[in-house]
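This report refers to the structure that appears directly beneath it.
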Amino acid sequence: MLRAKHILVGISGGIAAYKIPELIRHLRKAGADVRVCTTPNALEFVTELTLRTLSGAPVYSDVFAAINSHSTEHISLPEWADMMVVAPATANVLAKMAHGIADDALTTTFCTTLGAGKPIVIAPAMNDNMYNSPATQASLNTLRSWANVRVLDCAEGELACGTSGKGRMQEPDVIAEAVRQSLTPQDLLGRHVLITAGPTREKIDPVRYISNYSSGKMGTALALACARRGAHVTLIAGPMRVMPDFTAYPLVNVVHVESAREMHEAALAAWPTADTAVLCAAVADFAPAETAPEKLKKQPGQTEMLLRLTLNPDIAAALGGSKRTGQRIIGFALETQNEEANALRKMHDKGLDFIVLNSLQDAGAGFGTDTNKVTIYALSEQKRTLPLMSKQAVAEQIVSACIS
Ligand code: CTP
């Protein structure tokens, strides 16, 4: 997604500048071309050599040095850039940027990029009192009022000055995710997508449960793909080991559930305001008829154990049965035999508009892997088979084919 994108990184003089080499590495690893401009003070915190080495390009930090060599980087860099990220942005630089003061390499470049209408992401960092001061808040409000500027909230926590509060710069991963979003067309703005993901756990007793191998990776990849395109996402997540960091996306609401019944309840609560449901969860079809209040002990001489199970609610069928005009549902089917026939039957029986089939017969597809190979069936009888690709790439294709 960042392959061959031109990203301008502007650094000002705050202690969080030490984290920017990490951000530059992250962006370059993702395939982006990076150029760096700084205030003079930024180079007190991070060396020009580090920035030049990691970005693979000269650092623009001295307006007059540039003029002496007859170059005008504050004009040419914004022309070259697809977007600009200013991190860390100190209170001083926020105030300058908000008022069009352009007196160094960073602020002149910012001003030109702003005027060119390119996307700009700003990650402020400072002491909490400085952050809360009316002057800084006024600067932030001004910057936030410009259409092509996104200002990230500061994080709360330990601050370099020894206190604790709101003023920490967001971590490089979060800033990189905001950069990604700024370069993604926002074609799902105003949409609300409900996503179920992961396995469910059905309790036998306080220490045991019935579950399955679902990792939740496909569902969380779908949530990320929708969020990057501007959607409001309600992610109803069964227990999963790894959850992506959605800090960059205030419109993502993660609802943690454990059992199929809890997932059903959460899905029914979100459905009336959603326009799309993506039902990616591997919901346990049956749950123990009773959950024992104490750990079940084996009895002397006992050689078998019978567990009575009862049917769980079918979330897909419940949403399909209460679908309003304009709402659509995308289901998933993981099959081991008669794949196509089973998938199509599920699409029709549950009132779905699309079904995404993955077959356990395909190497690299299914539970736990980072890749997937799927075929998307539409009610209109269209069918599209995608090659083996990363779950994130599959998610983007599903969003394009079924949601946008
Ligand atoms: N699904 C659901 N609630 C359930 C069971 C399934 O929402 N209780 C959804 C899944 O999230 C998926 C689709 O229905 O989108 C198909 O799930 P799958 O497990 O393949 O189908 P089942 O109806 O459970 O059929 P079977 O397990 O018998 O193959």
Original post:
When you go through Leu106, Leu94 one by one, which is the residue that is crowded, with 24+ Cβ neighbours inside 10 Å and free of Cβ contacts under 8 Å to residues at least 60 places away in the same chain?
Top reply: Leu94
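With the condition kept exactly as written, say whether any residue in region 207-220 is under 23 Å from Ala155 (Cβ atoms), surrounded by 24 or more Cβ atoms within 10 Å (Cβ to Cβ) and of a type in the set (A, V, I, L, M, F, W, C). Before the answer, list the steps.
Here is the first cut: in region 207-220, the ones under 23 Å from Ala155 (Cβ atoms) are 220.
Retained after the next criterion (residues that are surrounded by 24 or more Cβ atoms within 10 Å (Cβ to Cβ)): 220.
Checking the rest, the ones that are also of a type in the set (A, V, I, L, M, F, W, C) come to none.
Within region 207-220, none of the residues are under 23 Å from Ala155 (Cβ atoms), surrounded by 24 or more Cβ atoms within 10 Å (Cβ to Cβ) and of a type in the set (A, V, I, L, M, F, W, C).
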Subject >> Number of positions in region 16-63 that are in contact (Cβ under 8 Å) with a residue 40 or more places away in the chain and of a type in the set (Phe, Trp, Tyr) >> reply: 1
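Matching residues to (1) aliphatic (A, V, I, L, M); (2) outside any strand (DSSP E or B):
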| position | (1), (2) |
| --- | --- |
| Ala318 | yes, yes |
| Arg324 | no, yes |
| Ile330 | yes, no |
| Ile355 | yes, no |
| Pro387 | no, yes |
| Ile398 | yes, yes |
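Residues Ile376, Ile403, Ile398, Ile355: which one is open to solvent by less than 20 Å² (accessible area, probe 1.4 Å), closer than 26 Å to Ile210 by Cβ and modelled with pLDDT of 95 or more? Quick ask: steps written out before the conclusion?
Details: Ile376 fails: closer than 26 Å to Ile210 by Cβ; Ile403 fails: closer than 26 Å to Ile210 by Cβ; Ile398 fails: closer than 26 Å to Ile210 by Cβ.
From the options Ile376, Ile403, Ile398, Ile355, the qualifying one is Ile355.
If the requirement is being loosely packed, with under 14 Cβ neighbours inside 10 Å and within 25 Å of Leu357 (Cα to Cα), which of these qualifies: Arg328, Arg308, Arg324? Before the answer, list the steps.
Details: Arg328 fails: loosely packed, with under 14 Cβ neighbours inside 10 Å; Arg308 fails: within 25 Å of Leu357 (Cα to Cα).
Selected residue: Arg324, the only one of Arg328, Arg308, Arg324 that is loosely packed, with under 14 Cβ neighbours inside 10 Å and within 25 Å of Leu357 (Cα to Cα).
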**OP:** Please give the number of the condition Gly117 fails out of (1) at pLDDT 95 or above; (2) at negative phi; (3) not in a strand (DSSP E or B).
**Re:** (2)
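For region 293-319, how many residues are acidic (Asp, Glu) and farther than 30 Å from Trp271 by Cα?
We begin by selecting, within region 293-319, every residue acidic (Asp, Glu); these are 294, 304, 314.
From what's left, farther than 30 Å from Trp271 by Cα: 294, 304.
Counting residues in region 293-319 that are acidic (Asp, Glu) and farther than 30 Å from Trp271 by Cα gives 2.
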Subject >> Residue list for region 1-52, restricted to those being open to solvent by 10 Å² or more (accessible area, probe 1.4 Å), aliphatic (A, V, I, L, M) and within 25 Å of the chain's Cα centre (by Cα) >> reply: Met1, Ala4, Ala16, Ala30
**OP:** Name, by its number, the condition in (1) open to solvent by 30 Å² or more (accessible area, probe 1.4 Å); (2) within 14 Å of the ligand (Cβ to nearest atom) that does not hold for Gly301.
**Re:** (2)
Subject >> In region 266-298, residue farthest from the ligand (Cβ to nearest atom) [restricted to those that are closer than 18 Å to His192 by Cα and surrounded by fewer than 16 Cβ atoms within 10 Å (Cβ to Cβ)] >> reply: Thr273
Original post:
Given the structure, is Ala197 in contact (Cβ under 8 Å) with a residue 24 or more places away in the chain, in the same structural domain as Leu114 (by TED's automatic domain parsing) and either among the small types (Gly, Ala, Ser) or open to solvent by 10 Å² or more (accessible area, probe 1.4 Å) (or both)?
Top reply: no
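What residue, among those in region 320-333 that are within 25 Å of the chain's Cα centre (by Cα) and more than 6 Å from the ligand (Cβ to nearest atom), is farthest from Ala269 (Cα to Cα)?
Per the criteria, the residue is Ile330.
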**OP:** Out of the residues in region 133-178 that are surrounded by fewer than 14 Cβ atoms within 10 Å (Cβ to Cβ) and among the polar types (S, T, N, Q), state the one that is modelled with the lowest pLDDT.
**Re:** Thr163
Subject >> Residues within region 335-352 that are open to solvent by less than 40 Å² (accessible area, probe 1.4 Å) and under 15 Å from Thr385 (Cα atoms), tallied >> reply: 1
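The values are calculated or read from the model by the stated rules, or taken from the named source; none is laboratory data. Keep in mind that what you see is a predicted model, and the values were worked out from it rather than measured. We place every Cβ from the backbone using ideal geometry, glycine too, and count neighbours over all the protein chains shown. Ligands, DNA and RNA are excluded from the accessible area calculation, which covers all protein heavy atoms including side chains. Shrake-Rupley method; radii C 1.70, N 1.55, O 1.52, S 1.80 Å.
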